Each structure stands twice: as structure tokens, then as C-alpha cells.
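Okay, so here's the structure we're looking at.
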Amino acid sequence: PSKVNLYASTFSDKDALGDCIERYNSALPEDDQITYTDYVALLMRSVTTIINAISYVLIAFVSISLVVSSIMIGIITYISVLERTKEIGILRAVGASKRDVSRVFNAETLIIGLGAGLIGIGVTLLLIVPINAILLHYTGIEGLKAALPWQGAVILVAISVLLTTISGLIPSRVAAKKDPVVALRTE
């Protein structure tokens with residue numbers, strides 16, 4: 001015969017069958033070996049490749065949105081510096097150093113990042129409930145559930161704080177370099 005189809009009833013039987021053919025082939029020259037094609041493994045490899053490609057595309061979109069949001073936070077902080085020029089002048093006039101003024105704006109961006117990260121985690125936790133209900137309704141699989149591990153939540157909040165702090169560094173330096181006399185004269 002030129003072809004024999006073997007069908008295993010379980011995955012462990014399929015693995016045992018593959019091992020048996022591998023042992024048989026190890027004792028034979030290459031021309032006499034049996035060619036074994038595992039269609040389930042090929043299909044799973046293809047699905048894994050597609051899922052990885054989709055994951056990379058999603059990571060690219062998320063990266064772009066993080067860069068854009070960081071730029072926007074920097075712009076908002078800079079506008080805050082421009083709007084609060086008189087406050088900066090008063091702080092400097094009462095004895096605040098340039099570093100103190102810079103710390104005010106850095107603390108502000110840190111608080112914004114912490115708040116945004118916590119709101120994002122809260123919204124995610126709220127959305128997990130209907131997402132899991134939809135998954136259960138359409139698939140009927142009890143074990144298929146969306147989840148956010150606490151370690152992931154902490155990492156996401158840390159990334160949020162880090163990005164907003166970095167994006168607020170330049171505006172905080174601009175605020176610190178303002179001349180107190182000129183800042184007090186502005187309206």
C-alpha cells in the first residue's frame with residue numbers, strides 16, 4: 001500500500017502513535033521510513049501563527065496610541081504651565097526653588113497617570129463581566145473567560161504613571177525656568 005490513514009481517538013493516543021512511528025523510523029534507512037503527517041498539529045500551528053500575527057498588529061496599534069497619548073499629556077501639561085504662569089511667579093517669589101516648581105508639575109503628571117491607570121483598570125474589570133457572559137453565551141465553554149491578573153494590573157498602572165511622568169518632564173522644566181519677575185507681571 002502507498003497510503004494508510006490512522007485515526008486516534010484521543011490526543012494521548014495520537015502522541016503514542018507518533019512516538020511509535022518515530023521509533024520504527026529510527027531503525028530504517030531514509031528511503032524505507034514511514035512519512036507521518038499530523039494534520040491536527042499542522043492546523044494548530046497555522047492557528048497559532050495567525051493569532052501571533054494578530055497580536056503583533058494589536059501591539060503596534062497600542063504602541064501608537066501610547067505615543068500619541070503621551071504627546072497629548074505633554075501638551076496639556078505645557079498648557080497648564082502657560083495658564084499658571086502667575087502661580088509659578090508667586091511660588092518663586094515666596095522662596096520656592098526651580099526644583100520645587102518642577103516637582104509641582106511632575107507630581108501633577110504623576111497623579112494624572114495614576115488616576116488614568118486606575119480608571120483604566122476599573123473599566124477593564126467592569127467590562128470583563130459582560131465579556132465573559134457573551135463568551136459563555138456564544139461558545140458554551142465554561143473555562144473560556146477573560147481575566148485580568150493582579151500582576152498585569154499593577155504593571156499597567158506602573159506603565160501609565162511612567163509614561164505620564166516622562167511626558168511631563170519637559171513642561172515641568174519650562175515652568176522651572178520661568179523668571180519670577182516676568183511671571184508675576186503676566187495676567
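Quick notes on this one:
- Dipole size of the chain about its Cα centre, with +1 on Lys/Arg Cβ and -1 on Asp/Glu Cβ: approximately 1500 debye, rounded to the nearest 20.
- Matching label, P(r) over Cα pairs in 5 Å bins from 0, in percent computed from the structure shown, candidates (i) 1, 7, 14, 17, 17, 15, 11, 8, 5, 3, 1, 1, 0, 0; (ii) 1, 7, 9, 10, 10, 9, 8, 7, 7, 6, 6, 5, 4, 3, 3, 2, 2, 1, 0, 0; (iii) 1, 7, 14, 15, 13, 11, 9, 7, 6, 5, 4, 3, 2, 1, 0, 0: (ii)
- Taking the protein heavy atoms of the chain in the context of the full set of protein chains, the accessible area attributed to carbon and sulfur is 69 percent at 1.4 Å.
- Region 144-172 and region 78-135 have Cα centres spaced 13 Å apart.
- Whole-number percent relative contact order across region 1-147, with pairs defined as alpha carbons under 8 Å at least 6 apart: 8 percent
- Of the residues V57, V67, N25, the one whose Cα sits farthest towards the positive end of the charge dipole of the chain is V67 (charges of +1 on Lys and Arg Cβ, -1 on Asp and Glu Cβ, taken about the Cα centre).
- For I155, the accessible surface of its heavy atoms amounts to roughly 100 Å² (probe 1.4 Å, protein chains only, rounded to the nearest 10).
- Under 17 Å from K177, Cα to Cα: aspartates and glutamates that are on another chain or at least 8 residues apart: E83, E87, D100
- Surface accessible to a 1.4 Å probe, S46 within the full protein complex, Å²: 60 Å²
- Charges were assigned to the Cβ only: +1 to each Lys and Arg, -1 to each Asp and Glu. The resulting dipole of region 94-187 about its Cα centre is roughly 420 debye.
- Heavy atoms of I131 accessible to a 1.4 Å probe, total area in Å² rounded to 10: 80 Å²
The values are calculated or read from the model by the stated rules, or taken from the named source; none is laboratory data. Note that the structure is predicted; figures quoted are calculated from it, not measured. A quick note on method: Cβ atoms are made from the backbone with ideal geometry, for glycine too, and the neighbour counts reach across all protein chains shown. Surface areas here come from the heavy atoms of the whole protein model, side chains and all, with no ligands, DNA or RNA. Shrake-Rupley method; radii C 1.70, N 1.55, O 1.52, S 1.80 Å.
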